[in-house]
Amino acid sequence: MITLRNVSIPALVALAGSTIVFVAAGSGNFPLGTVPSRARPASVERAPSADGFVQRWLILEPIPANGLTDSVVQAAVKKEYFPNQLTVIPGDGDKVTVDGAELTWHAIDTNEYNVNLYYFAHGLGKPTSNVLFWAVTVIDCPREMPGVRLAIGSNAASVWWVNVKEVISIYSDRQTVIDDGVSKRLTLKKGANVVRCAVVNGGGATDFCARFLDAQDKPLKEFTVRLDAAKN
Amino acid sequence: MDGQVQIHDPSTIIECGGKYYTYGTGGSCLVSDDGWTWYRGVSPTRRGMAPDMIHLGDRYNLYVAANIGAQPKAAINMIWNKTLDPGSPDYKWEEGGIVASSDGVEFCNAIDPGVFLDPTDGKLWLVYGSYFGYIRLVQLDPKTGKRIDPNDKPVDIAVNCEAPDMIYHQGWYYLLATHGSCCRGADSGYNIRVGRARKVTGPFLDHMGVDMLQGGGKLVVGSGGRVIGPGHFGLINLGDGVQKFSCHYEADLDRGGASVLDIRPLLWRDGWPVAGDSFKEGTYAIESVRTGTALELAVEGMPVGGRRNRRPPGGPGAAPGGPGGPGGGLFSSQGGVIPPQDVAQVSTNWPAGNIDIRMGNYLCQAQQKWTVTPVADAGGYPGSPYFKITIAGTGRVLAVDEEGELVALPAFTGGPEQLWRLDQLPDGAWRIMPKSASDAGESLALSAIGSSFATLQEFDPASNKQRWLFKTP
C-alpha cells in the first residue's frame, strides 16, 4: 500500500507564470502534472466562481501544530498566536510574530474551487506537515442575507468563523470534500462579512474550499470578495 | 397497529375530514385519527362481503358484494355518501345499484370488488372475482360510480385468485390479487401476488412471464414473523412518493390468532412492488444515502479498543517480516477480541447539556449508535407509531432545537420535537420527520446537506439528501 503521504516530495523545478510544474526526483524527467495555479489578486474585487466558491483569501504562513482530534484542534485554534487573531483583517504583506518567528500574510487568488495550501507553503519554502494555516476573506454583500449557510471542505481539520462567531468545526485526518462541513443557518449582513478559518494539517496534501449555500442549498453568488471591504 | 384492529377483508383506506376509514366484511368499520390507533366505526347501510372504496369528487363510493343465491351467484352493489363522518349532517348512504354480478353458472363469482381510477386518462374500472373462475374487469362512470354500460362484456384478466385490486406505476398497470386459502386462521395460506400489463385490460404477466389468466403472480407479501395470511391489498398514497398498503392478516399470533388490519410500506424493486416492513425497534447506525456518513453526536470519538500510535511498518516495535506479525507494529493485533465500546466509559467526557449533531464516517463508536424505540400513547401516522431516537445506552435523545436545527437533548421528555416519524421510501431507504413539523403542517425531513452536517429541510422525493439507511451497527 502506497499513499501520497508515504511518497517523498518531488523537487520543485520550474515556475511558469502562476503555474508551477514539477518533476519527480530520482525517476527521470517524468512530469507528474501541473500544480494548481494561484496568483496575487489583480483587481479590487472578485466574484465567486460559477459554483459559488470563494477564490480570494489572505493566508498566513504556516504555524507548527500537532494533532487532529477535536480537543487538540480546538486547543490549537484557541491559543493566541498573535494579537487579535480572531478579529484582525490583515493586509497583503502584513507580518506577525509567532513564537519568535516572523510570518507573513499573503493575498492569494485561485482559479480552482479550492485553495491549495500545500503549494502555498511549499512555494514559500515553509513546512507543509504538522502545521496550522490561518486564512481570512471578506465577503461584501449587497443586502442582508438571512438563512444562508457556510459550506466548506478541508484537508485536514478546520475551524471556521463568520463575523467572529464560530460556525463550523471538522476534525481528524480528512480530505477536502465540497460541502463537507456546513454551518447552521446564519445571516450575512449588508456590507462586509469576515470569514476566517484555521486549517490544521498532519501530513501530505492540504487545502480547503468554501462557499455559501442559500436556503435551497444552491450556491450563493450574489456577493463579491473585497479584502478591503471591512476597512471601508 | 394499535387499538381495535380486528377486521376481515378491509377496503382501501380512505381519508375523510382528517380521519382514516376502512370497511370490512359483515359491515365492520374501523376509524383512526392518525392511521396508527384504530377504533370501531359505524357500519354502512349495506353489510356485505369484502368492500372496496374510492373518493371521487364529492362522493365516497363503496362497492359491496353479496351472495344472491348459492355461490357463485353474487352481485356487487355500489352505495355512496358525501362524507364518512356519521356526525356530519351530510352523512347519508345512497344506493347506486348493481355494478357487476354472476349468475351462479358462469365461470366467475362476482365478489371482492376493487375499484381503480386510471391516472393516465381518468377512466374508472372495477375488478372483481374470487376463486370460482375469472377475475374480471368492467368500466365504471367516474361521475356516478356506476357501470357505464351493463351490457358490456367483462374482460377476463386473471384466474384462481381473489380480492383483486389494480394500481398504476410508471407506465404499467399492476393487478394485485390474493392467492392461497382464507378463513382458516393460522392455517390460511393467503398471500398477495402481482402481475403487470401495459394496458388496463391485460395481459397481466408475472416476473416469469406467466399470465395471471394461467395462475401467474409474483409474490408481494406472504406470512412472516408473527402474522399469517396477508390478503386484500389496498394502496395508500401518502404523497411525495411515499406509498403504503393496507391488508389484513388471517391470523395475528400476538392477538390470539385474530384477523387484523395492517399498513405496511410499499417498495418498488426492478419495476415490481414488494412489501416493506414496519420499522422494527432496535439499535442502528443511521447512514445518509447521499453522503455515506453516519449521524453522530458532535463529541470527540474514541477509537474502539483505544488509540494506537501510528508507527510505520518496519519501524521500532514492528515484527520481523513486515506488518501484521506478532510483536507490535501498526497493523498487528492488540491481542484477543476487542469488545464493543462501553458508552458509559466513553461518555464521561461528553458535555452534560445539549450536544450538536453532525455526521462522520461510521467507526463503530458509541456516539454513532442510535436506539430507536416506539413511544406509547404518543400517537402515530399510517401504519406506525412515533419513535424516540436515543444514543444507545444513554438517555440522550435526537431532537429539533428552536432554530430548526438538530440537537441531542440530555433526556427524553416526550415533546413533539423529540418524536420522529419513519416512513420507508420506495427504494427501501427511510424518511425521518419530526412530529413537531407534522403538527405544524410542514413536510420537514432530516436532510444531509453536507458530508458532516444534517439539518431539517422540506422533503424532496427526488433527492438523496433525505434518504437514510438504518444499519445494524
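The values are calculated or read from the model by the stated rules, or taken from the named source; none is laboratory data. Owing to the predicted nature of the structure, the values given are computational and were not obtained by experimental measurement. Glycine gets a Cβ as well: all are built from the backbone with ideal geometry, and neighbour counts include every protein chain shown. In case anyone asks, the SASA skips ligands and DNA or RNA and just uses the protein heavy atoms, side chains included. Shrake-Rupley method; radii C 1.70, N 1.55, O 1.52, S 1.80 Å.
Laid out as a table, the results:
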item	result
Residues being assigned to a loop (DSSP other than H, G, I, E, B) and free of Cβ contacts under 8 Å to residues at least 24 places away in the same chain - total across segment B:8-32	2
Set B:427, B:423: member being among the charged types (D, E, K, R), away from chain A (no Cβ under 14 Å) and assigned to a loop (DSSP other than H, G, I, E, B)	B:427
Number of the condition not met by residue B:42 [criteria: (1) of a type in the set (A, V, I, L, M, F, W, C); (2) over 13 Å from residue B:98 (Cα atoms); (3) out of contact with any Pro (no Cβ under 9 Å at 6 or more places or on another chain)]	(3)
Conditions (1) crowded, with 18+ Cβ neighbours inside 10 Å; (2) away from chain A (no Cβ under 14 Å); (3) in a strand (DSSP E or B): number failed by residue B:347	(3)
Positions within segment A:48-103 being among the β-branched types (Val, Ile, Thr), open to solvent by 20 Å² or more (accessible area, probe 1.4 Å) and in a strand (DSSP E or B), in sequence order	A:96, A:97
Filtered residues of segment B:43-75 (kept if hydrophobic (A, V, I, L, M, F, W, C), at negative phi and open to solvent by less than 70 Å² (accessible area, probe 1.4 Å))	B:49, B:53, B:54, B:56, B:62, B:64, B:65, B:66, B:74, B:75
Residue under evaluation residue B:128, criteria (1) under 29 Å from residue B:33 (Cα atoms); (2) touching a residue at least 60 places away in the same chain (Cβ under 8 Å); (3) among the hydroxyl-bearing types (Ser, Thr, Tyr), criterion not met	(1)
Residue in segment A:63-80 that is among the β-branched types (Val, Ile, Thr), away from chain B (no Cβ under 14 Å) and in contact (Cβ under 8 Å) with a residue 24 or more places away in the chain present	yes
Residue tally, condition among the small types (Gly, Ala, Ser) and open to solvent by 10 Å² or more (accessible area, probe 1.4 Å), over segment B:144-178	1
Residues of segment B:192-213 classified as within 17 Å of residue B:137 (Cβ to Cβ), of a type in the set (A, V, I, L, M) and buried (at least 23 other Cβ atoms within 10 Å of the Cβ), total	2
Criterion: touching a strand residue (DSSP E or B) at 6+ places or on another chain (Cβ under 8 Å) and assigned to a strand (DSSP E or B) - qualifying residue of B:231, B:202	B:231
Odd one out for residue A:215 among (1) among the hydrophobic types (A, V, I, L, M, F, W, C); (2) within 12 Å of chain B (Cβ to nearest Cβ); (3) assigned to a strand (DSSP E or B)	(3)
Residue check, residue B:100 open to solvent by less than 60 Å² (accessible area, probe 1.4 Å), modelled with pLDDT of 95 or more, aliphatic (A, V, I, L, M) and touching a Phe, Trp or Tyr at 6+ places or on another chain (Cβ under 8 Å)	yes
Failed condition for residue B:403, given (1) within 23 Å of the chain's Cα centre (by Cα); (2) within 14 Å of another protein chain (Cβ to nearest Cβ); (3) open to solvent by 10 Å² or more (accessible area, probe 1.4 Å); (4) without any contact (Cβ under 8 Å) to a residue 24 or more places away in the chain	(1)
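Each row is one residue, and each column tells you yes or no for (1) under 30 Å from residue B:381 (Cβ atoms); (2) loosely packed, with under 14 Cβ neighbours inside 10 Å; (3) at pLDDT 95 or above; (4) under 25 Å from the mean Cα position of the chain (by Cα).
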site	(1), (2), (3), (4)
B:255	yes, no, yes, yes
B:269	yes, yes, yes, yes
B:282	yes, yes, yes, yes
B:317	no, yes, no, no
B:326	no, yes, no, no
B:353	no, yes, yes, no
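Condition check ((1) more than 27 Å from residue B:2 (Cα to Cα); (2) without any contact (Cβ under 8 Å) to a residue 24 or more places away in the chain; (3) more than 14 Å from every other protein chain (Cβ to nearest Cβ); (4) surrounded by fewer than 23 Cβ atoms within 10 Å (Cβ to Cβ)) across all residues:
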residue: B:376; (1), (2), (3), (4): no, yes, yes, yes
residue: B:388; (1), (2), (3), (4): no, no, yes, yes
residue: B:392; (1), (2), (3), (4): no, no, yes, yes
residue: B:397; (1), (2), (3), (4): no, yes, yes, no
residue: B:418; (1), (2), (3), (4): no, no, yes, no
residue: B:447; (1), (2), (3), (4): yes, yes, no, no
residue: B:457; (1), (2), (3), (4): yes, yes, no, yes
